[in-house]
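What follows draws every value from the coordinates through simple rules; no lab data is involved. Just so it is clear, the structure is predicted and the values come from calculations on it, not from any experiment. All Cβ positions, even for glycine, are placed from backbone atoms using ideal geometry, and neighbour counts span all protein chains on display.
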Amino acid sequence: MIDHQNDIVAACLSGASDKSLSFQQIAATLEGEGFESLLVDFRRSAATFYQSGDGAAVVARLKPTQGMVGHVFAEAEIRSAIKRTSRGSYQYGCLEWWNDLVEAGCAGFIASFSAHRVIYFGRNAEALIIQEDA
């Protein structure tokens, strides 16, 4: 089971890198494979994929973003980046999205797949909560 979960995470991260999967497709794949949430930490270039139930998780390294997390949590710019990725465009892949978030002062995010909610956070614990329609 653990090897299968690691393979799913690796496939999702590969799809994020080569733009073959949108964030929405990645979230749907992870949820369908028994993951309930995702924590992305841009400062550590790491992601934790939490499985439903017993607290098991898969931790993966991410391709580092192009710059350091901005010191100002620019909510309007973060919302703009979210809007672009919500369109599901393959021309605007996860790596571009992550770079835009980092530049706008987003240090990471927590996504709940079942609740369709994402909490974006900054260096000083600023937060932006986005509730998607189910």
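Once phi is turned into ³J(HN,Hα) by the Karplus curve 6.51 cos²θ - 1.76 cosθ + 1.60 with θ = phi - 60°, what whole-Hz value does each residue of segment 27-35 show in order, with x for glycine and proline?
Here the 3J(HN,Hα) series is 4, 5, 4, 4, 4, x, 9, x, 8 Hz.
Report the local net charge at LEU13: Lys and Arg +1, Asp and Glu -1, summed over other residues whose C-beta lies under 13 Å from its C-beta.
Values: positive: LYS19, ARG61, LYS63; negative: ASP7, ASP18.
With Lys, Arg at +1 and Asp, Glu at -1, the neighbours total +1.
In whole Hz and in residue order, list the ³J(HN,Hα) couplings for segment 9-21 that follow from phi through the Karplus curve 6.51 cos²θ - 1.76 cosθ + 1.60, θ = phi - 60°; x for Gly and Pro.
Result, rounded to whole Hz: 4, 4, 5, 5, 5, 5, x, 5, 6, 9, 6, 7, 10.
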